[in-house]
Amino acid sequence: MNNLNVLILEDELIIYVHLKKTLQKLGFKHVHIARDAQKAFEIASKTKIDILFSDIKINGDIDGIDAARTMQNLYKLPVVFITAYKDQEILLRASEVDFVGYLLKPYRVDELEAIINLTVAKYKLTMNKDNIIKINGYDFDKTNNKLFKDKQEIKLTKKEQLFIALIFNSKGSVVPYTVIDEVIWQGKLVTDNTRRTFLYRIKHKLVNLEFCVQKSLGILLL
């Protein structure tokens, strides 16, 4: 566990400080904190995150469920939800993410330790799975976020790499513009023209991929 990077997405000071201290006592030396989705995406773009603890209710336009779904699509990491709610509708939405389990506030240390052991086991299983997605002659390596065509790596910018990870892992589902903007531009002002230009370059570089742009909603890889 010493080498695993853990990210806590939580905006309550008491909760994330206590959770961080508990994780460190259990042997996790690399524990990162984000108080909103934008900061979580920024940290994950610079540091390989292995496990995510995410509160369901967080500040910002993107809640903990959508942030966790995006992080999982990008990096294929195990997710543990933190929540103060037993609301069935919220838990049903959370079930759309392949999460290991959830901690109900206030949680006990023994509950946390049990779910950590389960999460580490899930992490090891995830690392052993086939990490290649094949679409229209392209091979996407989910582990390293690299794209290949005829076994040759396609050179992508950092923004293009993040976009391809989002779109490949969400094939058949619309990736919302809110998520695309936060992950790729990380809080910077994004215009429709910026998005169009970016997508035009992607299409020009990856001619065999078919994208469906849904106005005001997001982008779908067919």
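Where a number appears in this text, it was derived from the coordinates with a stated rule and is not lab data. Predicted model only: the values in this text are computed from it and were never measured. Cβ placement follows ideal geometry from the backbone for every residue including glycine, while neighbour counts extend to all protein chains displayed.
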query: So what is the relative contact order of the chain, in percent, for Cα pairs below 8 Å that sit 6 or more residues apart?
result: 16 percent
message: If you take every DSSP beta bridge fully contained in the stretch 86-201, what fraction is antiparallel? Give it as a percent rounded to 5.
response: 100 percent
query: Got the relative contact order for the stretch 97-222 handy, in percent, Cα pairs under 8 Å and 6 or more residues apart?
result: 19 percent
message: Place a point 7 Å from Cα of V190 in the direction of its Cβ. Which residues in the stretch 28-54 have their backbone N less than 13 Å from it?
response: 38, 41-42
- line: In the neighbourhood of D98 defined by beta carbon distances under 10 Å, the net charge of the other residues (Lys, Arg +1; Asp, Glu -1) is +2
field: 13 Å beta-carbon shell around L7, net charge (K/R +1, D/E -1)
entry: 0
query: Rounded to the nearest 500 deg cm²/dmol, what is the calculated helix-only ellipticity per residue at 222 nm for the chain, with -39500 (n - 2.57) per DSSP H run of length n ≥ 4?
result: -12500 deg cm²/dmol
field: Theoretical gain in end-to-end length, N144 to T157 [0.36 nm per residue, Cα-Cα removed]
entry: 3.3 nm
message: Quick check on the stretch 110-222: take the gyration tensor over C-alpha atoms, sort the square-rooted eigenvalues as a ≥ b ≥ c, and tell me if it's rounded (a/c under 1.5), prolate or oblate.
response: oblate
- request: Treating the angle as unsigned and between 0 and 90°, give the value, to the nearest 10°, between the Cα long axis of helix 109-128 and the longest Cα principal axis of the chain.
  value: 30 degrees
field: 3J(HN,Hα) from dihedral phi, the stretch 192-200, Karplus parametrisation 6.51/-1.76/1.60, rounded to Hz, x for glycine, proline
entry: 4, 5, 4, 5, 4, 4, 4, 5, 4
- prompt: Tell me which aspartates and glutamates have Cα within less than 14 Å of K46's Cα, excluding those fewer than 8 residues away on the same chain?
  reply: none
query: Given the chain, what percent of its DSSP beta bridges are antiparallel, to the nearest 5?
result: 45 percent
message: Need the C-alpha centroid separation for the stretch 177-213 versus the stretch 38-85, integer Å.
response: 21 Å
message: Around T22, under 11 Å between beta carbons, what's the net of Lys plus Arg minus Asp minus Glu among the other residues?
response: +1
task: Any aspartates and glutamates with Cα under 16 Å of the K155 Cα? List them, leaving off those in the same chain fewer than 8 positions away.
output: D139, D141
query: Which of the trypsin sites (Lys or Arg not before Pro) found in the stretch 22-111 are in a DSSP loop and have at most 16 neighbouring Cβ atoms, other than their own, within 10 Å?
result: K29, K48, K57, K86, R108
- request: Compute the FRET efficiency between L104 and K215 as 1/(1 + (r/R0)^6), taking r as their Cβ-Cβ distance and R0 = 41 Å, and round to the nearest 0.05.
  value: 0.55
- prompt: Ordered by packing density, taken as the mean number of other Cβ atoms within 10 Å over each peptide's residues, highest first, how do 3-13, 182-192 rank?
  reply: 3-13, 182-192
